[in-house]
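Here the structure comes first, spelled out in structure tokens, and everything after it is commentary.
No value in this document is a laboratory result; all are computed from the given coordinates. Small disclaimer: the values here were computed from a predicted structure and weren't measured. Cβ atoms come from the backbone with ideal geometry, glycine included; neighbour counts cover every protein chain shown.
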Ligand SMILES: Nc1ncnc2c1ncn2[C@@H]1O[C@H](COP(=O)(O)OP(=O)(O)O)[C@@H](O)[C@H]1O
Ligand SMILES: [Mg+2]
């Protein structure tokens, strides 16, 4: 059963069309992440789901019930904001129980729910403190606790970790995943951080400019992006993009020449439903790790500018003979040195191919195997 369904949902502020027709579903218990650049409409979508904002057109269902005329307080959703939005003069206990007390929930129920939520979030020792006497991470836990005590059908999180420092972000990321496993509620989580998206989501919705670019599991989006935008957005460091031209098409694969790799004609398997022709200009996409462990042989010649050795792995930043920037992932024990020229073999079966509109033409066999192995 789907807990949340959006059908052709649109939102305009005056003459500005902000959400331009979004279809999506969050199944019961699913952890869905909305990801996309700043201003693409992530917060607006969340605010419409929880009822802080009316939809301009389309349908919004929660547990099969049409929400158009339902007040925010009756939707069974609870939202956690980036800014925490706690009452400064109230203790943690009062902040967490405020909504329940307003709804005239019996006191024993309120006390039990606050106790349980505090236990899950490990903030029992903070219940009598006020927000000003707590760290950012502790305040964010209180904000999450305030959502938990309401026992919503659907949790909505709007960039809840953005104000935390890097270490705490990682810790809270893991704890939110644990929380999801423990209470099993449907969660919709907004972030512009693609690492959060990759690590937390059952399903990622990639948004751009008020439209859905692609919906899929993290590995789906990583291995089989539908277009160049998704390919570039998911993955860190980013996929490399090189100009190329199709030389010939045969047996479901394209032979592609790339000025950056003049000695090597790439053979890239094509999707079944695409039409391509010899002579067509294309973009070849190669992830930094798909050069790994393949020195020598024909491939991409790169003069290395900078090497970042992270200990476990190294990234080399350089330029090709055709002066395009590329990033290579390398073994940390034997990284290339800056100033060096290296030949990085291209693993054809991992290459992506995009047409002039950025639509994906390829079906990288190696990438699909990665996905199957993980499934
Ligand atoms: N109340 C509003 N009035 C006018 N424009 C708005 C309003 N709220 C959001 N917008 C616009 O809608 C777009 C999407 O905003 P938002 O949903 O906040 O993006 P995101 O959360 O993805 O960064 C932005 O261009 C923003 O300026
Ligand atoms: Mg936002």
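Peptides 53-65, 354-366 ordered by packing proxy, namely the average of other Cβ atoms within 10 Å per residue, highest first: 354-366, 53-65.
Of the Cα atoms belonging to segment 134-222, the radius of gyration and Dmax stand at 13.5, 40 Å.
In terms of the Cα gyration tensor, with a ≥ b ≥ c the square roots of its eigenvalues, is segment 304-375 rounded because a/c is under 1.5, prolate because a/b exceeds b/c, or oblate?
Taking the square roots of the gyration eigenvalues as a ≥ b ≥ c, segment 304-375 is oblate.
When peptides 326-337, 41-52, 163-174, 237-248 are sorted by average Cβ neighbour count within 10 Å, with the highest value leading, the order is 41-52, 237-248, 326-337, 163-174. Could you tell me how many degrees, from 0 to 90 and to the nearest 10, lie between the Cα long axis of helix 136-148 and the main elongation axis, the longest principal axis, of the Cα atoms of the chain? The helix 136-148 is inclined about 70 degrees to the chain.
Can you classify segment 159-295 as rounded, prolate or oblate using the Cα gyration tensor, where a ≥ b ≥ c are the square roots of its eigenvalues, rounded means a/c under 1.5, and otherwise it's prolate if a/b beats b/c and oblate if not? Here segment 159-295 falls in the prolate category. Rounded if a/c is under 1.5, else prolate if a/b beats b/c, else oblate: with a ≥ b ≥ c from the C-alpha gyration tensor eigenvalues square-rooted, which is segment 15-64? Since a/c reaches 1.5 but b/c is at least a/b, the shape of segment 15-64 is classed as oblate. Cβ-to-Cβ counts within 10 Å put 229, 13 in ascending order as 13, 229, the fewest first. Summarising the overall dimensions of segment 172-231 from its C-alpha atoms, the Rg and Dmax are 12.3, 36 angstrom.
Sum -39500 (n - 2.57) across every DSSP H segment of at least 4 residues in the chain, then divide by the residue count to get the 222 nm mean residue ellipticity, nearest 500. Intermediate values should be presented prior to the final figure.
Details: 9 runs with 95 residues, N = 375.
Helix contribution divided over all residues of the chain: -7500 deg cm²/dmol.
Remark: C-alpha extents of segment 221-284 on the principal axes read 31, 28, 15 Å, sorted largest to smallest. What percent of all Cα-Cα pairs in segment 49-176 falls into each 5 Å bin, going from 0 up to the bin containing the maximum distance? Taking all Cα pairs of segment 49-176, the binned fractions are 2, 10, 20, 21, 19, 13, 9, 5, 1, 0 percent. With the convex hull constructed from alpha-carbon coordinates only, segment 230-375 shows a mean projected area of 9.0 nm² over all directions. Distance from the C-alpha centroid of segment 227-272 to that of segment 90-134: 55 Å, rounded to the whole angstrom.
Taking the C-alpha atoms only, the angle from helix 92-102 to the longest principal axis of the chain is near 70 degrees. Across segment 2-231, counting alpha-carbon atoms alone, Rg and Dmax equal 17.6, 55 Å. Centre-to-centre, using Cα atoms only, segment 328-357 and segment 305-323 are separated by 9 Å.
Taking the average, over residues, of other Cβ atoms within 10 Å as the packing measure, peptides 182-193, 108-119, 280-291 rank 280-291, 182-193, 108-119 from highest down.
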